[in-house]
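Everything on this sheet refers to the single structure shown next.
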């Protein structure tokens, strides 16, 4: 019965995630715990096929060998492997963080990423977001857009980062622009500072 429940749980979770017709790459992460559970019967089968149990000396060597094979395999199959070879300083996050530290007029950097998902700009600038809707998501709530527009109107953040938007927020001046290839697209990031 537990096996049936486990299979049903996997199936219902997968249907629930993908039934909306939209599939993002990270959706599959919720299914990864089932991978470990799926390995149990495979390991039991392999253990039954081995005539004698592995000695205490062979087991650590076997596990170390598997780890040495798994690490390069993970690197080669990762869709983000291009980022492993990218210098941190060449990313828009690090570049904009350096500019914000130089140009800030207050003790602390105040930052708002307008109308795109969190892209690591807060982390690079060492800023804890001060806004309820500090980033957008793939959930289309009108309240998110309204609140983010209000943040811009109030000019509460000294720095604004946008992605693939041509307009300049009112009361801000453009400091820098960088095009960065990410996840199959060239994205144009813009950094603005509040004009005093």
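The values are calculated or read from the model by the stated rules, or taken from the named source; none is laboratory data. In this text, all values refer to a predicted model and were calculated from it rather than measured experimentally. FYI the Cβ positions are ideal-geometry reconstructions off the backbone, even for glycines, and counts take in every protein chain you see.
For the range 47-59, name all the residues that are surrounded by 10 or more Cβ atoms within 10 Å (Cβ to Cβ) and assigned to a helix (DSSP H, G or I).
Within the range 47-59, 47, 58, 59 qualify.
What about residue 16, is it over 29 Å from residue 182 (Cα atoms), more than 20 Å from the chain's Cα centre (by Cα) and not assigned by TED's automatic domain parsing to the domain that holds residue 139?
no
Just a yes or no: is a residue in the range 52-71 under 28 Å from residue 123 (Cα atoms) and either modelled with pLDDT under 90 or more than 20 Å from the chain's Cα centre (by Cα) (or both)?
Yes; the residues of the range 52-71 include at least one that is under 28 Å from residue 123 (Cα atoms) and either modelled with pLDDT under 90 or more than 20 Å from the chain's Cα centre (by Cα) (or both).
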